[in-house]
């Protein structure tokens, strides 16, 4: 961050191309080589869009996943995948996602697939040099508490915390392997923690998170993404980020991301606590649930508001959440505006881009 004040980043996900959505719904018409080719092409498209926007940090757009964490259940053994959600019709909401029954010991013998995603991103980035030469490549992993949310407790795992404890070493191993693969930045997505901090013990969440990332602390840049849900552009959590503090300041992270645009920046003062704890504050400056396209001037004004609480070298600029639930044309324009807004403020402050 010292070398890149007002760093522009993304959370992880990016819109799937229309053809990939069609293919995902009709996989029986494609062979394994076809599918691998589509995955590779989709990552190229996502990387291209992010590079065109001018971001400092990019991801593979999570193009090989059905959602930011839902596809990981296909890597788990000991569960029975539920194909039918409890409600299929009516307004979009989180109850349109089914849950999976646990049938045995939870394991992931071949990992969660994130290492393979990162290696694909490396190959794409290498082929696009020099355009990718100055950007940071980031991988994202769902945290064990969030990942436990769609698994049904049973006698062996009687509650969500028991399921979380079973998943924790699986996620930790994936993080360790990412570090071994040379990944310079890893985001651990735990939106369920921010969604339920108002009624659960936040200190318990801190303990779970710190044990998950322990092998990677000091070995890579660790980020944490907190939001209030974004399934079909809908929130699900209690939008009170203040209940997470000061407990969450004890998480072993280099960067903590907070959803802010949908909250009209009312709790923006919280980022001062984040920075004082020695953590870079990543602030959501783009509303991924809205089709109002923020102008560069909008973004510049929001950055200036953030700088009342943190210095430029402690501030990361990002969307509120992943962009997978936003149309691609809007995502492109929103990211471009975010980068242009950052450029406006950098020039005012005499910071070279």
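The values are calculated or read from the model by the stated rules, or taken from the named source; none is laboratory data. Source: prediction; values computed, not measured. All Cβ positions, even for glycine, are placed from backbone atoms using ideal geometry, and neighbour counts span all protein chains on display.
The table that follows gives values for the structure above.
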quantity: Lone unmet requirement of (1) assigned to a helix (DSSP H, G or I); (2) buried (at least 16 other Cβ atoms within 10 Å of the Cβ); (3) over 18 Å from the mean Cα position of the chain (by Cα) for residue 173; calculated: (2)
quantity: Qualifying positions in the range 1-23 - in a helix (DSSP H, G or I) and crowded, with 16+ Cβ neighbours inside 10 Å; calculated: 20, 23
quantity: Looking only at the range 225-248, and only at residues there that are out of contact with any helix residue (DSSP H, G or I) (no Cβ under 6 Å at 6 or more places or on another chain) and modelled with pLDDT of 95 or more, the one that is surrounded by the fewest Cβ atoms within 10 Å (Cβ to Cβ); calculated: 246
quantity: Number of the condition not met by residue 103 [criteria: (1) farther than 28 Å from residue 235 by Cα; (2) exposed (fewer than 12 other Cβ atoms within 10 Å of the Cβ)]; calculated: (2)
quantity: Answer from 263, 178, 268 - the residue that is touching a helix residue (DSSP H, G or I) at 6+ places or on another chain (Cβ under 8 Å), under 30 Å from residue 327 (Cα atoms), free of Cβ contacts under 8 Å to residues at least 40 places away in the same chain and surrounded by 16 or more Cβ atoms within 10 Å (Cβ to Cβ); calculated: 263
quantity: Counted residues, the range 271-300 - those being free of Cβ contacts under 8 Å to residues at least 24 places away in the same chain and closer than 19 Å to residue 55 by Cα; calculated: 0
quantity: Residue 146 vs. criteria in a helix (DSSP H, G or I) and either over 17 Å from residue 112 (Cβ atoms) or free of Cβ contacts under 8 Å to residues at least 60 places away in the same chain (or both); calculated: no
quantity: Meets criteria (surrounded by fewer than 13 Cβ atoms within 10 Å (Cβ to Cβ), without any contact (Cβ under 8 Å) to a residue 12 or more places away in the chain and over 25 Å from residue 63 (Cα atoms)) for residue 86; calculated: no
quantity: Residues located in the range 308-333, provided they are more than 21 Å from residue 65 (Cβ to Cβ) and either surrounded by 23 or more Cβ atoms within 10 Å (Cβ to Cβ) or in contact with a helix residue (DSSP H, G or I) (Cβ under 8 Å, 6 or more places away or on another chain) (or both); calculated: 309, 310, 311, 312, 314, 315, 316, 317
quantity: Hits in the range 176-199 - residues which are part of a helix (DSSP H, G or I) and closer than 20 Å to residue 117 by Cα; calculated: 176, 177, 178, 179, 180
quantity: Among (1) outside any helix (DSSP H, G or I); (2) under 26 Å from residue 144 (Cα atoms) - the single one residue 90 does not satisfy; calculated: (2)
quantity: Among the candidates 337, 282, residue that is modelled with pLDDT of 95 or more and either surrounded by fewer than 21 Cβ atoms within 10 Å (Cβ to Cβ) or touching a helix residue (DSSP H, G or I) at 6+ places or on another chain (Cβ under 8 Å) (or both); calculated: 337
quantity: Residues of the range 127-155 classified as closer than 30 Å to residue 103 by Cβ and in contact with a helix residue (DSSP H, G or I) (Cβ under 8 Å, 6 or more places away or on another chain), total; calculated: 14
quantity: When residues of the range 200-218 are limited to those that are over 25 Å from residue 322 (Cα atoms) and in a loop (DSSP other than H, G, I, E, B), the one farthest from the chain's Cα centre (by Cα); calculated: 201
quantity: The range 1-39: number of residues that are closer than 30 Å to residue 344 by Cβ and in contact with a helix residue (DSSP H, G or I) (Cβ under 6 Å, 6 or more places away or on another chain); calculated: 7
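Conditions (1) under 24 Å from residue 286 (Cβ atoms); (2) in a loop (DSSP other than H, G, I, E, B); (3) modelled with pLDDT of 85 or more, marked per residue:
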| position | (1), (2), (3) |
| --- | --- |
| 45 | yes, no, yes |
| 49 | yes, no, yes |
| 52 | yes, no, yes |
| 55 | yes, yes, yes |
| 63 | yes, yes, yes |
| 72 | no, no, yes |
| 78 | no, no, yes |
| 98 | no, yes, no |
